[in-house]
1. Which percent of the accessible area of the chain is formed by carbon and sulfur heavy atoms (probe 1.4 angstrom)?
2. How large is the charge dipole for the chain, taken about the Cα centre, if only the Cβ atoms of Lys, Arg (+1) and Asp, Glu (-1) carry charge, to the nearest 20 debye?
3. What whole-number distance in Å separates the alpha-carbon centres of segment 159-177 and segment 197-213?
4. Between rounded, prolate and oblate, where does segment 245-397 land on the alpha carbon gyration tensor, with a ≥ b ≥ c its root eigenvalues, rounded for a/c under 1.5, else prolate if a/b exceeds b/c?
5. Can you work out the PRE-style zone for Arg378? Point 7 Å along Cα to Cβ, and I want the residues of segment 229-244 with backbone N under 16 Å.
6. How about segment 272-341: which trypsin sites (Lys or Arg not before Pro) there are in a DSSP loop, with at most 15 other Cβ atoms within 10 Å of their Cβ?
7. Long-range amide H contacts for Phe399: which residues qualify at under 5 Å (H placed 1.01 Å from N, peptide plane, sequence gap of 5 or more or a different chain)?
8. What does the C-alpha gyration tensor say about the overall shape of the chain? Classify as rounded when a/c is under 1.5, otherwise prolate if a/b is larger than b/c, or oblate.
Amino acid sequence: MGKVTGFMEIDRQEQKYQPASDRIRHFREFTLPLNQGEVERQAARCMDCGIPYCHGPTGCPVHNQIPDWNDLVYQGDWELALRNLHSTNNFPEFTGRVCPAPCEEACTLNLEDAPVNIKTVEQAIADKGWKEGWIRAEPSATKTGKTVAVIGSGPAGMAAAQQLARAGHTVHVYEREPKAGGLLRYGIPDFKMEKRHIDLRVKQLEEEGVTFHYGVNVGVTVTMEELSERHDAVIICAGAERPRDPGVSGMELEGCHWAMDYLVQQNRRVGGEDVSGEAPIWAAGKHVVVIGGGDTASDCVGTAFRQGALSVTQLDIRPIPPLKEDKLTVWPYWPTKFRTSSSQAEGAEREFSAATLGLVGEDGHIVGVKCARVDEKRKPIPGTEFILRADLVMAAIGFSGPRLDTFIAELDGKLELDGRTNVKANTEDYKTSYANVFAAGDVRRGQSLVVWAIREGRQAARAVDEFLTGSSNLPR
Ligand SMILES: Cc1cc2nc3c(=O)[nH]c(=O)nc-3n(C[C@H](O)[C@H](O)[C@H](O)COP(=O)(O)OP(=O)(O)OC[C@H]3O[C@@H](n4cnc5c(N)ncnc54)[C@H](O)[C@@H]3O)c2cc1C
Ligand code: SF4
């Protein structure tokens, strides 16, 4: 259980960041990891609670066995800690970097505002595993003779592919983009997670027998019908890419963009892909306004600063949240409270209770954003209008569901959608309404988190294994 008195003797210590003035000069990761001894001391703070809420159901979605690996790290047995961590999470170096860590909110020590540094320990275990050469391909010794197609190579598709390959199935991943990773590669910027981490896992999956087919847009360049006939099962892990429309006039003005057009282009640029055929979306020397208050908006903020924006203002229609939650009311659940992302801390202005009324243009180019304060029903309050100067505007107010113009259009109603236009399947068998086709990740649950995508990919893999062989040894 970590050190019996650890939580009383040792203070929580956060990873440090490079100063904002330095880190906005590059797109690389900027955290300064704790040294091994300090990570072991942080793990020693774990109390091994009788009911470890961090582990679930309100904490970690993949049910990482957090108290167990905290203890192993404290004891210095990092290799066993890694094996334990991999038993629930295929890609802990991803979640150790980008997960919002609901586990830490659920930690008993969070009642005193100083939870165990769970995410930092998770990242340290995975990073050490790669450094020491402990993470290797684990190809299946036997083959089942069954083939599975996975559509999409985001975290859900990668997790499903790895689990199924390890169960002995022949796995083909069909991916529209030139590289694997989904939003981990093309949405999340390198300063949050460098893409070399994805490349290492893709290599591991290939060595375990997974074949990646890039540039295949299922429903357009190959039909779902064909894939479902060619394979014994298909899992759709195609994400939820359809942006939510802010419904304001002026989005057609030059200088107004969907957040994902901006982020994808910059991620391609950083990744060395050719973007010369696209008009550059570039923030240098500009006043930038980002509409939206979530992760995507925050990533636009950090990207704009790195491109040399003069100012960045973020508009959030929600009221400013309380600085601190009432722990006794909300713990161990995820609380609504004022949070500042590392990108926002780089100098963003934040406007709360602010609705976007319209985009103001001159000669076809954006020059300002017309806003107003809203009441508690999010209705604009007359007389509170104001205009923010803007040379570049990004709309980042979330996603409505999967694209409707590819395999969903092809199947023309045969693939049932739920009320939110996600592909309909439950979390027991992950089966869709169409033939031998399953669905997992954002395409099924709507835009969510990397850790939920990994969980669904793993669970869907087990469901498919059972469907193909009648039973499964894969964990749920
Ligand atoms: C900007 C941004 C920042 C985010 N930041 C965070 C964060 O910090 N932490 C966090 O936990 N989560 C974050 N998220 C959410 C997280 O990235 C997603 O929840 C997660 O990637 C979903 O995984 P997925 O595998 O279901 O789908 P995706 O990652 O969306 O992958 C879907 C894949 O399917 C492919 N595809 C789609 N249609 C087809 C087709 N017809 N044929 C072939 N291939 C297809 C796509 O090209 C893509 O590679 C962020 C999301 C965005 C947009
Ligand atoms: S995956 Fe997320 S919730 Fe689970 S242990 Fe890691 S940081 Fe915590």
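The values are calculated or read from the model by the stated rules, or taken from the named source; none is laboratory data. Note that the structure is a prediction, hence the values are computed from the model and not measured. When we count neighbours, we look across all protein chains shown, and the Cβ atoms used for this are built from the backbone with ideal geometry, even at glycine. In case anyone asks, the SASA skips ligands and DNA or RNA and just uses the protein heavy atoms, side chains included. Shrake-Rupley method; radii C 1.70, N 1.55, O 1.52, S 1.80 Å.
1. Using a 1.4 Å probe with all protein chains present, the chain comes out at 51 percent carbon and sulfur.
2. 280
3. A separation of 9 Å, based on Cα centres.
4. Oblate shape, in that a/c is at least 1.5 and b/c is the bigger or equal ratio.
5. 243-244
6. Passing both the DSSP loop test and the Cβ count: Lys324, Lys337, Arg339.
7. Close amide H contacts, sequence-distant or interchain: Arg244.
8. oblate
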